[in-house]
1. Out of Arg44, Arg66, report the one residue that is under 30 Å from Val79 (Cβ atoms) and either part of a helix (DSSP H, G or I) or in contact (Cβ under 8 Å) with a residue 12 or more places away in the chain (or both).
2. Which residue, of Arg85, Arg29, is open to solvent by 100 Å² or more (accessible area, probe 1.4 Å) and at pLDDT 95 or above?
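The values are calculated or read from the model by the stated rules, or taken from the named source; none is laboratory data. What you see is a predicted model; the values in this text were computed from it and never measured. Glycine gets a Cβ as well: all are built from the backbone with ideal geometry, and neighbour counts include every protein chain shown. For the accessible areas, the whole protein counts, side chains as well, though only heavy atoms, and no ligand, DNA or RNA atoms are used. Shrake-Rupley method; radii C 1.70, N 1.55, O 1.52, S 1.80 Å.
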Amino acid sequence: MSGKRILAVAALWLAAIASSLAVVYSTQRSRALTAELVEAQHTRDELRYEQERLLLERGAWSAYNRIEQVAREKLNMHVPAPEERVLIRKTED
């Protein structure tokens, strides 16, 4: 074998090894990114569920009946009778 031919074969071997290592690296990186994507999607789904739950809870806590019930029971509030009402007028100076 001539020197040029040996050099060409060695270069092809190095190229094949480099290509193999690149395939292994890209496969490993792809698997790692896929795992990260699955984890991010799982987190997204959990956050969506939590958001829906919080929206329902907010709706329950802000419902007019709930506010009136808390005002009556915990704060001892009631609708004022006509004689308890005071009219305040803004006077111009």
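1. Arg66
2. The match here is Arg29.
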